[in-house]
Structures are given as C-alpha cells and as structure tokens.
Amino acid sequence: MKITNGQGGGGAGAEGVYELVNVATGKYLGAASSAQPVVMHDVGEGIDRKWVFVKTNVDGVDYYNIDSQDSGILRATGGSFAAGAYLVVSTTKEAPAIDTDKLWTVHYNNTDDTFRFEAKNSGRFLYHQTDGNCYNLIEIDDFEENDPRSKWQVFGSGGPLLSVKNNNLKITSIKIYPNPAKDSFTITFDNFTNAKVLIYDILGKVMFENSTKTGRMEVKNNVKLNSGMYLVKILADGNKVYHKKLVIK
C-alpha cells in the first residue's frame, strides 16, 4: 500500500484520496464540524469520509496532516479537552500545518496491510473505542499494538509518490536493560547510531527527551520516573519510528 502526498481535491476515485476503515469495527472514519468528535459510519459514501495525507517535514522528520475533503485536518486533543479527554476531532484548519496536535506519523504493517496513526503531540494512536468515539490512546495500559481497534485499512487510488513501509512499527532492534529498572537503565539500538529518545508516561506526557549518536543511551533515574509503565519512542534515520515498553520498579 502506498499513500500519495495528496494536495486535496477530487472525489472517491481521485488519486491520493482515501477511505479509512477501522479493522475491528468495519466503520468508516468521517469528518465532523469544527472542534467536534469525528463520526464513524457504516458506509464510505460521502465527501466527509474522504481523506488526503499531506506530508509535512518537521526537524527532519516526516509527518502527515490527515485532511478531510469536507472540512479541515484532524486534531488529537489532550487530557483537558472539554468535550472529552483525548478525543480526535475535526478542525477547519487547512494543510499543511505544523501544530503538533495536528501532525501524525503513519505506521504501515506489511504483514496484514494495515495502518496505525500516531499523534505527534502525545505519542498516542487513533483508536475506535467501544463507546463509538475515536480517541488518541497510548499503548501502555490502554491497548496493545495488535489491538484491531488501533488498526485501519486504507482504501483509495493512491499514487506511487510515497511508500510508508519504512515506518513499520518495530521493537526487535531496540533493547532496554535492565527492564524492569530502578535507578538506571541502558537503551541500545542494533541497526543505527543516531537517534532521538522520548519516554512517555501512561497519560502521554513526555517525561524524558534526549539524543545520541553512539547507538546507545544510559539513563539515570534522576528524571523522576515514578514506579509504573512507560512507552519509549525512538526516532531514527529521519522518519523511522520504534517503540519499546519500560517498567520502573
């Protein structure tokens, strides 16, 4: 599957215009009015269910605005959003935009030809919850990466301009030891040396951020990581994203 760096326009059959279908529920993602939660539908007909991915590069990393053909780009809200914490909502903002709550990393799974969409501001994933709404949820505690509610099929006439296969979620190249950890731990990378490391708590807050050029990073627990589970996110080689879970005793 390839996603075109779309620029908007066109209907259901236009190149670079897609329908997004949740794997677990079979529902189609649809836009809403500004600042309102996105709406899930039984069928894909309707301009509000057509989406374009507009690539935006921030600090050398490729992200995407998920742009509705009917309104504007998607926003991943935070924990204090009035209508509901971490809802995914429509906006009237046009792409391209670099607001961190409107940028998404696209992860492609070659095994089952599905996609996951990760919000830049929180490290959380687009998820169709059992209450019918779509949220940006973090893997730790909320769901595992193989949960079909976090997976999406993408249907449309995408052109050959951009392959997202290099954004596959991978954890085999990352090692953290000891894990569980207490006072300190080391992160190593098998296949690359330059990387940016971010550690998120279960609420999606960045608790630690640093870069390395040596293929490893030693972290002493002077960053006030309390006991619990964390998500370690590694950005490497420009646009590759890796994840690993960390437990602090």
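At a glance:
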{"quantity": "Values of log10 I(q)/I(0), in the order q = 0.17 Å⁻¹, for segment 60-135 under a Debye, Cα-only, solvent-free model", "calculated": "-0.66"}
{"quantity": "Added length on full extension, which subtracts the Cα-Cα distance from 0.36 nm per residue, Lys213 to Leu198", "calculated": "3.9 nm"}
{"quantity": "R0 of 41 Å, Cβ-Cβ distance Asn226-Asp42: FRET efficiency to nearest 0.05", "calculated": "0.40"}
{"quantity": "Rounded D (µm²/s) - segment 17-157, Kirkwood Rh over Cα pairs, Stokes-Einstein at 10 °C, 1.306 mPa s", "calculated": "108"}
{"quantity": "Calculated P(r) of segment 174-248 - Cα pairs past 19 Å, %", "calculated": "26"}
{"quantity": "Pair Thr188, Lys205: separation of 7 Å Cα→Cβ label points (nm)", "calculated": "3.3"}
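Any read-out appearing in this document is the output of simple, stated calculations on the displayed coordinates, not a laboratory observation. Please read these numbers as outputs of a predicted model, since none were measured by experiment. All Cβ positions, even for glycine, are placed from backbone atoms using ideal geometry, and neighbour counts span all protein chains on display.
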